[in-house]
1. For residue 212, list the lysines whose Cα falls under 27 Å from its own Cα; do not include residues on the same chain fewer than 8 positions away.
2. Taking DSSP loops as anything outside H, G, I, E and B, show the longest stretch in the chain free of GluC sites (Glu not before Pro) there with at most 10 other beta carbons within 10 Å.
3. Is the stretch 109-151 best put as rounded, prolate or oblate by its Cα gyration tensor, with a ≥ b ≥ c the root eigenvalues, rounded for a/c under 1.5, and otherwise prolate when a/b is larger than b/c, oblate when not?
4. Using a 7 Å offset from the Cα along the Cα-to-Cβ direction at both residue 38 and residue 104, what is the distance between the two label points in nm, to one decimal?
5. In sequence order, what are the phi-derived ³J(HN,Hα) couplings for the stretch 62-68 according to the Karplus relation 6.51 cos²θ - 1.76 cosθ + 1.60 with θ = phi - 60°, rounded to whole Hz, with x for glycine and proline?
6. Per residue of the stretch 40-56, in order, report the coupling 6.51 cos²θ - 1.76 cosθ + 1.60 (Karplus, θ = phi - 60°) as ³J(HN,Hα) in whole Hz, putting x for Gly and Pro.
7. Of the trypsin sites (Lys or Arg not before Pro) in the stretch 133-196, which ones lie in a loop per DSSP and count no more than 14 other C-beta atoms within 10 Å?
8. When each pair of different Cα atoms in the stretch 127-167 is counted once in the 1/r mean, what is the Kirkwood radius in angstroms, to one decimal?
Amino acid sequence: MVSLVRRSASRDIEVAISEQDGLRSLHLGGNMIQSVMRIAAPNDLELVYTQCMMSFLLFRPVPENILMIGLGGGSLAKFVYHHMPETKITAVEVNQQIIAAAYNSFELPEENARFEVVVADGGAYIVDHPCSVDVIMVDGFDDDCQVPTLCSQDFYDQVHQALNKTGILVVNLLSRDKNLNKYLRRIETSFNGHVTAMLSEVRGNLVVFAFKNNSVRLAWKMLRNHAKVLEKEYALPFPDFVSKLKKYHSGRGDYLVI
């Protein structure tokens, strides 16, 4: 039962907030849930796909800086802010109403030396910041559709340029999107095939990881051992994330090649 609904409109996108069973949700332009916060635990990652996006820690455990394109309710920004004190976060969001909702309803922290919110188009922002970022996380949707400017070949090319030499791109896609294979080919083209992925849930989100550096062979045993350490540190099921990566790479041998 929805006990609260607040709506506002900006850039022709309706921003709505609902509450049910102790969960507060953000909706953009429709009924699809874009972000969820458990009111009793506002800094946890409630949605499985957001947890999966943190799997970049398997490959880059202490990033100096993270660029997030698409803020939503700020779930990922809050998690990194509260759990990774050595990491600087820049969140880029084009819609000021979404930013206002994140501050007013989802307990987004105030800006400081470690945390910055930039009102800008994500594609335009990265053009001005080449070779400067450890991790770029892209989560840009209008209801259940990818924002076109955040999934073009030019965009992924620019992301590649914005990453430093050991940088990682993390992209949230919908596995049921009819254009999914087109997006994957674009990412593979921009990153010379150094790409892996995991399915968060059946018919759910496909989280893609693209690596700027040359190919690296990682034994699954090494990843599983690292996952156990990360699970204790962040209280997230990293061993499950490794299993999801391996399932996506079934039939490709004993190593994850990136």
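We did not get these values from a lab; they are worked out from the coordinates using the rules stated. On a predicted model such as this, the values are computed, not experimentally measured, just so you know. No Cβ is skipped: glycine too gets one built from the backbone with ideal geometry, and neighbour counts run over all protein chains shown.
1. Correct list for residue 212: 78, 88, 165, 178, 182, 221, 228, 244, 246, 247.
2. Formally, the longest exposed-site-free interval is 111-258.
3. Oblate, since a/c reaches 1.5 and b/c is not below a/b.
4. 2.7
5. 9, x, 6, 8, 10, 10, 10
6. 7, 9, x, 9, 7, 9, 7, 7, 4, 5, 5, 4, 4, 5, 6, 5, 4
7. Listed in order of number, the matching sites are 176, 178.
8. For the stretch 127-167, the Kirkwood estimate is 10.9 Å.
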